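S.K.: Have a look at this one before I ask anything.
The values are calculated or read from the model by the stated rules, or taken from the named source; none is laboratory data. The shown structure was predicted, so the numbers you read here are calculated from the model rather than taken from an experiment. Positions of Cβ are backbone-derived with ideal geometry, glycine not excepted, and every protein chain shown enters the neighbour counts. Surface accessibility is based on the protein's heavy atoms, side chains included, excluding ligands, DNA and RNA. Shrake-Rupley method; radii C 1.70, N 1.55, O 1.52, S 1.80 Å.
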Amino acid sequence: MEKLWLSHNMLEGVVSEVHFANLTRLRLFQASGNPLVLEASPEWVPPFQLGVMALSSWHLGPKFPSWLRSQRDFVYLDISVTGIIDTIPNWFWNLSTIYFSLNLSHNQIYGELPHRIGTSPVADLVYVDLSFNHFDGPLPCLSSKVNTLDLSNNLFSGPISNLLCSKMEEPYRLEILHLADNHLSGEIPDCWMNWPNLVSVDLENNSLSGVIPSSMGSLNLLQSLHLRKNNLSGVLPSSLQNCTRLLAIDLGENHFVGNIPGWIGEKLSDSIIISLGSNRFQGQIPDNLCSLSYLTILDLAHNNLSGTIPKCFMNLSAMAANQNSSNPISYAFGHFGTSLETLLLMIRGILLEYSSTLQLVTSMDLSDNNLAGEIPAGMTDLLGLRFLNLSNNHLTGRIPKNIGNLRLLESIDLSRNQLRGEIPPSMSALTFLGYLNSSENNLTGKIPSSTQLQSFDISSYDGNHLCGPPLLEIYSTDATTSGDHNNNENNEGDGLEVDWLWFYASMAFGFVVGFWVVMGPLLFNK
């Protein structure tokens, strides 16, 4: 038997050396997705020489499998999620054949990587996924043959210039570079022209500082750029408008300043995701954004934006359509097909990560700015919108009367504005609504009747002049009546006190008069 396929059957139990005793011709062993336990002694030498081995989700740890040392022909090795809590031994990097594809992700492997990875006397390492481990130390240098490098969610520290600006032997083929969630520091180096084939760059959640270098504009094939949660500053370089294939750009939680450039709408016309929240952008929201017909997620929250909400937002046609695709947002590249897009979104006050379901999300977050004026009536044409947050601005006027057209709306936050008038009756048609906050406005009248609107906590309506369920039925007339009743009781109490005073005074006066009526004549007759 040369090939054995057992993947994703939820097989359980223990597999030992005996089970492989007769598989001397085995070349391909695909058994990922099974919580099986492999019990093998450190001295075990398998009878086979595998070219492809995929044992993801098996239990191979806690020690690094020493029996791999005998395998010389690997081109594909996946031992991710296998419970390894150990360092990688030196012999692993010195095997005569280094893997075409290597996946050790989602373990607890620690220690430093070799100074340079991806080269060997025989073969080149093209795909490297070491994410979700405990690797530390500086980033390694790469072979020019590496196509995919994922070192995210580790403990790497220091600058990224060693990796990006090392001397080139030949043009680099790297298409995927993911270094998110580490302890990397220093400035983003200005040598991106060395990496012309990059499709996806993820450096988020590090301690990088400085500005976005202008050489990033040379990445003409770039489709995904994630720089969220660093200490980056300055204005967005105009060179980024050359990255015309960008589908997702996430620069949130930094210190960027200046106006939101209009070229985002003009040059990045294929964009699906624009996330610029939690920065220091100012000025008005450019009308150019309205030409982004594929845009499904717009996050401009927590900035210093002013002016009004563009009326042309009604032209965001992807938000007006029902997003029901089963295909996740991903990027085609190289030998291994796709890289899945992942994004953090603040939904209902909770930071959530979307990945495989991101294609179903339609969201607009303009909260915590200085926006004024009315909510454009045309926004009720965005029929595919699921999450809308306009809170903590200076919006005035009424809630659009056709807000009920947004039948897919799951969350809406209009709190801490200056909205007035009644809650439109059409809002009772929002049957998918799971979160509502209209507090701290000047809304009046009775809350429309619907299963959804009456199910929310009273805090959803605080700071207004509303009545009806779920609020208590306390009206101003009741308060007046109650006040009059209390006043009457107080007055009656005061009257009783006066009556008792007159009673005692009359008794004293009667006693004096009666005394003299009796005693007066006796004294006179005497």
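S.K.: I need the full set of residues from the range 216-231 which are closer than 16 Å to residue 280 by Cβ and either over 19 Å from the mean Cα position of the chain (by Cα) or open to solvent by 40 Å² or more (accessible area, probe 1.4 Å) (or both), in order please.
M.R.: Correct list: 229, 231.
S.K.: Another one. For the range 87-100, indicate whether the set of residues that are assigned to a helix (DSSP H, G or I), surrounded by fewer than 15 Cβ atoms within 10 Å (Cβ to Cβ) and in contact with a Lys or Arg (Cβ under 8 Å, 6 or more places away or on another chain) is non-empty.
M.R.: Yes - at least one qualifying residue is present in the range 87-100.
S.K.: Return a yes/no flag: does the range 351-372 have any residue that is open to solvent by 60 Å² or more (accessible area, probe 1.4 Å) and at pLDDT 95 or above.
M.R.: Yes, the range 351-372 contains at least one residue that is open to solvent by 60 Å² or more (accessible area, probe 1.4 Å) and at pLDDT 95 or above.
S.K.: For the range 243-265, state whether one or more residues are β-branched (Val, Ile, Thr), touching a Gly at 6+ places or on another chain (Cβ under 6 Å) and more than 22 Å from residue 182 (Cβ to Cβ).
M.R.: Scanning the range 243-265, I find no residue that is β-branched (Val, Ile, Thr), touching a Gly at 6+ places or on another chain (Cβ under 6 Å) and more than 22 Å from residue 182 (Cβ to Cβ), so the answer is no.
S.K.: Hey, another quick one. Being among the β-branched types (Val, Ile, Thr) and in contact with a Ser or Thr (Cβ under 9 Å, 6 or more places away or on another chain) is the filter; apply it to the range 381-407 and report the residue that is nearest to residue 306 (Cα to Cα).
M.R.: 399
S.K.: Related question: Test of understanding: among 29, 48, 64, which residue is buried (at least 18 other Cβ atoms within 10 Å of the Cβ) and closer than 19 Å to residue 113 by Cα?
M.R.: 64
S.K.: Look through 24, 82 and report the one residue that is β-branched (Val, Ile, Thr), in a loop (DSSP other than H, G, I, E, B) and surrounded by 14 or more Cβ atoms within 10 Å (Cβ to Cβ). Walk me through it before giving the result.
M.R.: Details: 24 fails: surrounded by 14 or more Cβ atoms within 10 Å (Cβ to Cβ).
Testing whether each residue is β-branched (Val, Ile, Thr), in a loop (DSSP other than H, G, I, E, B) and surrounded by 14 or more Cβ atoms within 10 Å (Cβ to Cβ) leaves just 82.
S.K.: Does residue 390 qualify as being in contact with a strand residue (DSSP E or B) (Cβ under 9 Å, 6 or more places away or on another chain), at pLDDT 95 or above and closer than 21 Å to residue 300 by Cα?
M.R.: Details: in contact with a strand residue (DSSP E or B) (Cβ under 9 Å, 6 or more places away or on another chain): yes; at pLDDT 95 or above: yes; closer than 21 Å to residue 300 by Cα: yes.
So residue 390 fits the description; yes.
S.K.: Please specify each residue of the range 1-20 satisfying the condition of being among the hydroxyl-bearing types (Ser, Thr, Tyr) and over 12 Å from residue 32 (Cα atoms).
M.R.: 16
S.K.: Got a sec? Which of 373, 421, 378, 397 is out of contact with any strand residue (DSSP E or B) (no Cβ under 6 Å at 6 or more places or on another chain), more than 17 Å from residue 299 (Cβ to Cβ) and not charged (D, E, K, R)?
M.R.: Matching residue, one of 373, 421, 378, 397: 378.
S.K.: Then there is this: Restricting attention to the range 203-257, which residues are within 19 Å of residue 150 (Cα to Cα) and of a type in the set (Lys, Arg)?
M.R.: Once the filter is applied, which keeps residues that are within 19 Å of residue 150 (Cα to Cα) and of a type in the set (Lys, Arg), the range 203-257 yields 228, 229.
S.K.: Tally up the residues in the range 297-318 that are touching a strand residue (DSSP E or B) at 6+ places or on another chain (Cβ under 7 Å) and modelled with pLDDT under 95, please.
M.R.: 1
S.K.: For the range 427-458, which residues satisfy the criterion of being open to solvent by less than 60 Å² (accessible area, probe 1.4 Å) and not hydrophobic (A, V, I, L, M, F, W, C)?
M.R.: 428, 434, 437, 438, 439, 441, 444, 445, 448, 450, 452, 454
S.K.: I would also like to ask the following. Which of the strands (runs of 3 or more DSSP E) contained wholly in the range 373-426 include at least 3 residues that are more than 24 Å from the chain's Cα centre (by Cα) and over 15 Å from residue 452 (Cα atoms)? Don't jump to the end; show me each part of the working.
M.R.: On the way: elements: 387-389, 394-396, 411-413.
It comes to 394-396.
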